[in-house]
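So the structure is just underneath, and the comments pick up after that.
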Amino acid sequence: MTQDTFRLSPALTGIFAAVCGMTVANIYYAQALIGPITRDLAIAPAWAGIVVTLTQLGYGAGLFLIVPLSDRSENRRLVLMTVAGLVASLAGAALSPSAPAFMLCSVAVGLCAVGSQILLPLATHFVAPELRGRVIGNIMGGLISGIMLARPLANAVAAALGWRAVFWVSAVMMALVGGVLWRVLPRYVPAQRIRYRSLLWFIGHLLVEYAPLRRRIAYHGILFAVFNMFWTAIPLMLHARFGLGQGGIALFALAGAGGALAAPLAGRLADAGYTRAATCGAMGIIGVASLISGWAAGAGWLVSLAAMALMLDAGVQTNHIVSQRVVYGLNDRARGRLNAAYMTAVFLCGAAGSSGGAALYSAWGWWGFVIAAVVLCGADLALFALEIAYGHEKPVSLTAARRS
């Protein structure tokens with residue numbers, strides 16, 4: 001199948017969504033298993049967040065070094081190579097005898113998990129511009145489901161078979177994913193042939209050229225840091241405060257997975273031109289949910305805490321999708337590099353959040369996270385308000401949204 005004959009049908013959109021979810025889930029397994037991994041590999045509690053941080057740093061490196069290749073190299077081959085590397089890295093993580101070996105494999109897992117960030121912009125090449133937000137939302141729904149289901153699935157498998165089994169199971173699943181992609185992915189060769197060094201240089205040029213790209217990185221980088229702070233610290237708090245084991249933490253994380261339902265709606269909001277309202281609403285919801293989670297944890301209200309996790313996740317995913325809609329519309333010929341610039345910066349913020357979440361909880365308990373999250377969301381809203389006041393963030397009309 002070639003790029004000239006390929007059309008993205010609803011069934012293929014579903015396959016893309018499932019593959020993206022299964023691929024990106026690999027960078028979140030360690031976040032759910034931070035307790036048993038650190039105990040088994042003798043990692044100090046204050047350094048527990050480094051397990052998650054290294055995976056996300058690897059992902060950030062892959063976004064910067066590998067994803068831009070989609071603007072110059074045949075995309076099908078590139079995706080299949082990342083899947084093969086991911087299978088090998090997961091097997092290495094499962095076999096790791098020590099903390100240094102596991103951390104090295106964690107970086108490799110993150111580096112090779114960027115196939116989803118090649119598939120997502122690839123899909124937008126095969127749909128009409130007026131449907132782009134909807135397709136992004138549908139595929140992101142699968143990707144976000146993978147992020148959210150990664151935690152309960154990892155906890156459930158670890159409770160039954162141990163944490164190493166999680167990585168073995170994922171290695172097998174990714175091998176099957178590779179087989180599916182081999183059959184359904186079309187060849188896609190970009191029209192331009194840019195030297196690799198020029199590709200990387202151009203990422204910096206995009207950051208300078210496009211102010212909307214810089215703004216979207218700032219808005220979502222802050223929210224994604226809060227997201228990772230929450231999900232790194234919450235397993236530690238649930239075990240200490242509520243006495244939950246891996247099974248209980250899995251059920252809690254499953255409740256948070258409902259946030260993925262916001263993805264298709266966010267895509268439709270973006271297509272309809274409600275980007276500004278969705279962004280402001282997401283920031284407010286995340287700040288409020290973080291604050292209420294402090295009271296819920298103190299009072300022992302586990303159900304309320306799960307509801308706040310759902311709200312926080314929905315807010316983060318809404319802002320991510322409307323931001324990607326803005327970023328992908330800036331330059332069709334540089335979509336891979338735009339995605340690399342946006343996602344690399346956002347995941348660096350997320351890695352900082354993962355490291356900070358464990359450190360804040362270790363030093364000041366759950367309220368350490370709450371205060372940091374509320375301050376960050378408040379700063380994000382203030383930045384957004386300033387951009388509106390100076391006329392940089394303008395409402396997008398329905399017609400303009402369809403043309404972009």
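FYI, it's all coordinate maths here, none of it is from the lab. Predicted model only: the values in this text are computed from it and were never measured. Heads up, the Cβs are rebuilt from the backbone with ideal geometry, glycines too, and the neighbour counts pull from every protein chain shown.
What to note about this one:
- Pairwise label distance in nanometres, residue 165 with residue 11, each label 7 Å out on the Cα-Cβ vector: 3.5
- Screening the chain for whole DSSP H helices of 27 Å or more along their axis (Cα) with average Kyte-Doolittle hydropathy at least 1.6 returns 366-389.
- Contour minus Cα-Cα distance for residue 332 and residue 388 (0.36 nm per residue): 17.6 nm
- Gyration tensor (alpha-carbon) shape descriptor, the stretch 206-355, a/c threshold 1.5: prolate
- Extension gain for the segment residue 74 to residue 209, taken as residue separation times 0.36 nm less the Cα-Cα distance, is 45.9 nm to one decimal.
- A crude spin-label estimate for the pair residue 180 and residue 268, with each label 7 Å from Cα along the Cβ direction, gives 2.5 nm.
- Prolate/oblate/rounded call for the stretch 10-403, Cα gyration tensor, a/c under 1.5 rounded: oblate
- Based on Cα contacts under 8 Å between residues 6+ apart, the stretch 10-403 shows a relative contact order of 27 percent.
- Full extension of the chain segment joining residue 198 with residue 363 gains 55.0 nm, where the gain is 0.36 nm per residue of separation less the Cα-Cα distance.
- For the stretch 144-290: rounded, prolate or oblate by the Cα gyration tensor [a/c cutoff 1.5]: oblate
- With both labels modelled 7 Å from their Cα along Cα-to-Cβ, the residue 127 to residue 40 distance reads 3.8 nm.
- Ranked list, fewest to most other Cβ atoms within 10 Å of each Cβ, for 148, 103: 103, 148
- The fewest-to-most ranking of 344, 53 by surrounding Cβ atoms within 10 Å reads 344, 53.
- Exposure proxy ranking for 67, 135, 79, 169, based on other Cβ atoms within 10 angstrom of each Cβ and starting from the fewest, stands as 169, 135, 79, 67.
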